[in-house]
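These notes are about the structure you will find just below.
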Amino acid sequence: MLNCRNLSKKFERSLFDKLSINLEKGEILAITGPSGCGKTTLLRCICGLEKLDSGSIFLNGKEITNSPAEVRNIGLLFQKPVLYPHLSVSGNLSLASRDNHDKALTEVGLSGFGNRDVHTLSGGEGQRVALARALLANPRVLLLDEPFSALDSDLSLKLINDVRALLKSRECPAILVTHNIEEAELFSDRIINLLDSIN
Amino acid sequence: MNSLQKIFGAIAVVLYTIITIAPIVFALDRLILVSGFNPTFWVQSLDKNYVSQGTIGFTFIQSFFSTILTILIGFPIAWVLGRHSWPFKAFLRSILTLPFVIPAIIAAMGVLTITGPYGLDIRTEESTWWWTLILSHAWFNIALIIRFCEPVLSTLNPNLEEQLLLLPNGVTFYSRLKNLWIPVLAPAVAAASCMTFVFSFTSFALVKWITVRDKTLESTMAEVSSSSGIQGYMESSSDIVLGASLIQFLVLLISLWLMSVLQRKRQTKWQQASENLVQNKNTKGWLVLAPAIFFVQLPLLSVILGSLRVRDASADSTSFKWSTAGWSEALQGSYSFPPLSEALFNSMIYSFTTLIIALPLGYALASTIHILEEKNLHLSKILEIYTMLPFALSAAMIGLGVMLGIIKLNPSAAYDFWFLPVLAHVIITVPFVVRIILPALRSLDLNYEENAKVLGMSKLNRFLKIKLPLMKGSILVATVFTLAMSLGEFGASFIVARNSEWTTLPLLIDSLRGKPMKDPLTVPASNAVATVLMIITMILFLVVESFRNQKDRGMF
Amino acid sequence: MNNFFLTKVVIVTLVLTPLFSGCLSEESSDNELVIVTYDVNALSDSMISQFENNTGIEIKMIKVDDAGSILSYLIQNEGTGTIDLAIGLDNTYLPTAIELDLLKEVNVNQTLLSRLNSSKMQPLKPYEGKLATPFDMGYICLNYDSSVVDGLNFTVPTGLWDLTEPEWKGKVAFPSPITSSPGRGFMLATLDYFSWQSNDEDFGNWWTAMKENDVIITSGWSEAYETHYTGGYGEYTEGYIGDAHITVSYCHSPGVESWYNGNWTKSASLDISKTAFFQVEYASAIKGGNSENAEKFIEYLISPNVNSQMPIENLMYSVLEGEDLPEENGYRFHSLIPSDPALISNHDIGRNMELWLEEWNLAMTKSE
């Protein structure tokens, strides 16, 4: 489904070099590595927010290496949820799709939150709204940039399970980057260590 | 930077150059043609001509003392307002910072009414002229001190002070002052002082009306501008305008540079909460706030009262009666003095047209600078300074530029082109729009834009649904600021608006005042016009205040 | 701010653009008369609308600050053909305008103005050619507050040097000859007073002495008269300071005061030889402009109906034969006709004005 071939990116030092990733339909992959090793940059390159030095990315057999982010249809969950303060929860969701807000909110366990002001959400709730929004956009791949790391452990555990279940039920492939091995094991089908892949 | 952005940015820069820089170049070209290129001579001519003798010294000295007095009056207000909780705090702050948007000519009318023979009757004292000018400048600019210092005080993490109280070096008030308050507040105070100095330095309407004998560089320029730029006729006028412009340009450039250094400093250093953390009440603070409110509102009140107080015209008596005759006079108008409604209409159309041009242009420039900051820092710095150039020019110079420029292009436009004053207003307001929009663009969380991209939103959609709404506050501030500045603009309009059909509210106030005051209705009529202008400005200001986001800590 | 903001901006811009282009392309028509003038009261509403109604000519006014600005404006717009008529150049500025060849001859019947031209003294004669037509006049001279300058508190000056005495320190206010035409007129009078023709240095010395005696120099007439002068109506005005008992105004200003105050004034004119300057204000057609319409307006301006109203409408003398100030409320009674006004010819003014202004400037900036 998603083929990344020989991805390289330098940023003062080499972050990843000739890294190849293959993601099957419905597969959830975790990429681990210590902070600052280039995990986030990798995701940003895959979804198109940053340019690769070299390498190519294929989605369903079509090359998307040079397509702008907004047409790739690859979703991204940021480390801290990015919610637009000028919009309500529902307004934030409508940035992805006009319909099915109730269903999407129920899926993430926040039914009835549509009219809430985003200021009033807790960290976990915020991340769930961001997830609901990302899924509403029907991404062909969802990228997750340590979205659970800012939450306390009970909450993150629950969220990890919920998100995994949701992704599996939709057969949406996903890549999670995290420095937390335990989290990676719980969430994913397969784990790559970024440092291993460099060396 | 993609090609669309490039084209967009290039159009904005070209348009800005045509509208703003070209007239100034025309003016300089014409003046230098007359005076020759000899900057030392220009500056020396200021002291060689009786008209401008002593203006350099006076301009510097009054700006210096205006700045000091502004801090002395403004700081206690900012402190009390920021360090304690107040009922209707936002409203209090609005009232106290209102003078900043009130046109200078209105303040001048107010001061004259207060100090004049039917007020305190202290204008006969020579010292009055000096300290009323300084005090008027303080009246204007305390808003800057409040705006810059109050948020620092009210959002400073209280732990910082609490921790210090528990440390050996923080037990005394003095030590806390030294170790906390001065380092925290110094950049804000310094930045506000810088701006106060600049505004006092280029003061025109207040100097024209309040000060006697002494003149600032700006008011001197306005006085001789009509005879400048002419070869073989009163050439000293051109020397004076060039000399005064050069000094102003340098002073403003240095101040702007200082400002930007200070602003960077005060943004980064201290831990600030996103909301108001100060909770304690302080009833004694009213001892500062109540007189401050009185001080701020007095000139405005006196303008309103002055519009209703009519001198009894009989013989040499000095009795007064309350009457709306001044208003009728202003509403009626005459050939030389258009009716209030016409001036109001002109002012409205001029300011809205100014807005329609200056806001998109300023936004486009700010956005181009912002985009360039990532791609080409040098170019963005150059462009940023380029957009600030009009700041360093006096209104008189801008007026002169527009005038000479239009004569060169199409002479009949000087009286036929009804929108001519708009050009001057655009030149004056565009830099402000850039200054307001740019920090807001910079403070926009990059994640917002990126997240919208991965959600698949198109460029236009991102602009309309994400950027504009997030920038709402700043755009509104820029809108109101542009409208208010255009409505109250006096210096440049004074030179540009030759056709009496183009009279704006401030020009009408000025020309009504300039009319022989034998007519007892002259003063009430001019105060009536001033009242209208003041009320419009106040409404605009209150609108922007009610929308002002707590987190907005831009320049204004 | 909503999503429609941008749309709105675009729409409004589109709507306004034609307005702009309309304004730019507008050509001046035959039925238009462009007048450049300062706020002369001579051009009253009723008078202008009457002219417009009678002739069908539409008047466009360009207002500048003062007579000097009229001249500057004419020079700046020279050769553009955009101005038809200048109203308010006086005999301190007119010679320069003629020297610079800015004006155009018109054929206006000046027979009614015979009184002016009958003056026997050449230097007092106003300009007589076809380039400019006088429409009002008056003498510029020193005015004093007779309630203070009564011979007890202050001695009534009998010569200009008296004003350099300590008792007058800071008590005299003059409008500046650089920026004001009454100021210019008075400066010209002092030239004659100190007989510049014999190359006397007294002119410069007197002005330097005045400066050392803290003379108040204001940018315009109104600031000197309304803000500083104690003898006039200024004391009823809000900017009033009242620190000068002598100022420069018109010899008939006390008459105007009296006329307004119901036959009472404390202001009086000083009749000192060679200190009064005879000022005439002119209307002139401008080169390149529509002289036909200009001519019509000038004729209208000096027609008996209009011009006889000058003392009331414009507070100046009419230029018509047989007209005088009204007797009512002591207008004429309190208006002095100077017995020995300064004699400076138009020719000399045209040739030397710049030079004299430089001399004045030098005298005023001389360090002690």
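All told, C:Ala363 meets the bar of being outside any loop (DSSP other than H, G, I, E, B) and touching a Gly at 6+ places or on another chain (Cβ under 8 Å). Could you tell me whether B:Ile385 is among the hydrophobic types (A, V, I, L, M, F, W, C) and modelled with pLDDT of 85 or more? No, not satisfied. Select from segment B:460-509 the residues that are among the hydroxyl-bearing types (Ser, Thr, Tyr) and either under 30 Å from B:Trp418 (Cβ atoms) or open to solvent by less than 10 Å² (accessible area, probe 1.4 Å) (or both) and list them in ascending order. Listed by number, the residues that qualify are B:Thr479, B:Thr482, B:Ser486, B:Ser493, B:Ser500, B:Thr503, B:Thr504.
Between A:Gly36, A:Gly91, A:Gly114, A:Gly55, the distinction of being over 18 Å from the mean Cα position of the chain (by Cα) and part of a loop (DSSP other than H, G, I, E, B) belongs to A:Gly114 only.
Rundown of residues vs (1) assigned to a helix (DSSP H, G or I); (2) modelled with pLDDT of 85 or more; (3) touching a helix residue (DSSP H, G or I) at 6+ places or on another chain (Cβ under 6 Å); (4) outside the structural domain of B:Lys208 (by TED's automatic domain parsing), yes/no style:
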residue: B:Lys465; (1), (2), (3), (4): yes, yes, no, yes
residue: B:Leu476; (1), (2), (3), (4): yes, yes, yes, yes
residue: B:Ala484; (1), (2), (3), (4): yes, yes, yes, yes
residue: B:Ser526; (1), (2), (3), (4): yes, yes, yes, yes
residue: B:Val529; (1), (2), (3), (4): yes, yes, yes, yes
residue: B:Met534; (1), (2), (3), (4): yes, yes, yes, yes
residue: B:Met538; (1), (2), (3), (4): yes, yes, no, yes
residue: B:Asp552; (1), (2), (3), (4): no, no, yes, yes
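If the condition is being more than 9 Å from every other protein chain (Cβ to nearest Cβ), in contact with a Lys or Arg (Cβ under 8 Å, 6 or more places away or on another chain) and over 30 Å from C:Gly350 (Cα atoms), then segment B:186-239 contributes B:Pro187, B:Ala188, B:Ala191, B:Ala192, B:Val207. Of all residues in segment C:181-201, those being modelled with pLDDT under 90 and surrounded by fewer than 23 Cβ atoms within 10 Å (Cβ to Cβ) number 7. Of the residues in segment A:1-9, not one is basic (Lys, Arg), without any contact (Cβ under 8 Å) to a residue 24 or more places away in the chain, at negative phi and not in a loop (DSSP other than H, G, I, E, B). Taking segment A:30-60 as the range and being open to solvent by 20 Å² or more (accessible area, probe 1.4 Å) and either of a type in the set (Ser, Thr, Tyr) or in contact with a Phe, Trp or Tyr (Cβ under 8 Å, 6 or more places away or on another chain) (or both) as the test, the residues that pass are A:Ser35, A:Thr40, A:Thr41, A:Ser54, A:Ser56. Within segment B:404-413, the presence of a residue that is under 20 Å from the mean Cα position of the chain (by Cα), in contact (Cβ under 8 Å) with a residue 40 or more places away in the chain and farther than 22 Å from B:Phe201 by Cα is excluded. You will find that of A:Arg140, A:Arg116, A:Arg190, the residue that is within 15 Å of A:Leu76 (Cβ to Cβ) and open to solvent by 10 Å² or more (accessible area, probe 1.4 Å) is A:Arg140 and no other.
Within segment B:32-55, being of a type outside the set (Ser, Thr, Tyr), more than 12 Å from every other protein chain (Cβ to nearest Cβ), open to solvent by less than 70 Å² (accessible area, probe 1.4 Å) and under 21 Å from B:Ile398 (Cβ atoms) holds for B:Ile32, B:Pro39, B:Trp42, B:Val43. Pairs meeting the criteria (first residue in segment A:59-70 and under 15 Å from A:Arg44 (Cα atoms) and modelled with pLDDT under 85, second residue surrounded by 15 or more Cβ atoms within 10 Å (Cβ to Cβ) and of a type in the set (D, E, K, R), beta carbons under 6 Å, at least 6 apart or on different chains) are A:Ala69/B:Lys453; A:Glu70/B:Lys453.
Would you confirm whether or not segment B:352-366 contains a residue that is closer than 14 Å to B:Ala492 by Cβ and at pLDDT 90 or above? Checked against the condition, which is being closer than 14 Å to B:Ala492 by Cβ and at pLDDT 90 or above, segment B:352-366 yields at least one hit.
In segment B:385-407, the count of residues that are more than 15 Å from B:Ala27 (Cα to Cα) and within 14 Å of chain C (Cβ to nearest Cβ) is zero. Taking segment C:202-236 as the range and being closer than 14 Å to C:Leu160 by Cβ, surrounded by fewer than 23 Cβ atoms within 10 Å (Cβ to Cβ) and either among the charged types (D, E, K, R) or within 13 Å of chain B (Cβ to nearest Cβ) (or both) as the test, the residues that pass are C:Asp202, C:Gly204, C:Thr208, C:Met210, C:Lys211, C:Val215. Evaluating B:Phe337 against the criteria (1) without any contact (Cβ under 8 Å) to a residue 40 or more places away in the chain; (2) within 30 Å of B:Ser227 (Cβ to Cβ) leaves one unmet condition, (1). So, in segment A:79-109, exactly how many residues are surrounded by fewer than 21 Cβ atoms within 10 Å (Cβ to Cβ) and either closer than 18 Å to B:Gly456 by Cβ or of a type in the set (A, V, I, L, M, F, W, C) (or both)? Going through segment A:79-109 one residue at a time, the tally reaches 8.
Counting residues in segment C:50-70 that are more than 10 Å from every other protein chain (Cβ to nearest Cβ), open to solvent by less than 50 Å² (accessible area, probe 1.4 Å) and under 23 Å from C:Glu354 (Cβ atoms) gives one or more.
Could you say whether any residue in segment B:380-392 is buried (at least 23 other Cβ atoms within 10 Å of the Cβ), in contact (Cβ under 8 Å) with a residue 12 or more places away in the chain and aliphatic (A, V, I, L, M)? So far as segment B:380-392 goes, no, none of its residues is buried (at least 23 other Cβ atoms within 10 Å of the Cβ), in contact (Cβ under 8 Å) with a residue 12 or more places away in the chain and aliphatic (A, V, I, L, M).
The values are calculated or read from the model by the stated rules, or taken from the named source; none is laboratory data. Quick caveat, the model's predicted, so the values are computed rather than measured. For neighbour counting, all protein chains shown are included, and Cβ atoms are generated from backbone atoms with ideal geometry for every residue, glycine included. These area figures cover heavy atoms from the full protein model, side chains too; ligands, DNA and RNA do not enter into them. Shrake-Rupley method; radii C 1.70, N 1.55, O 1.52, S 1.80 Å.
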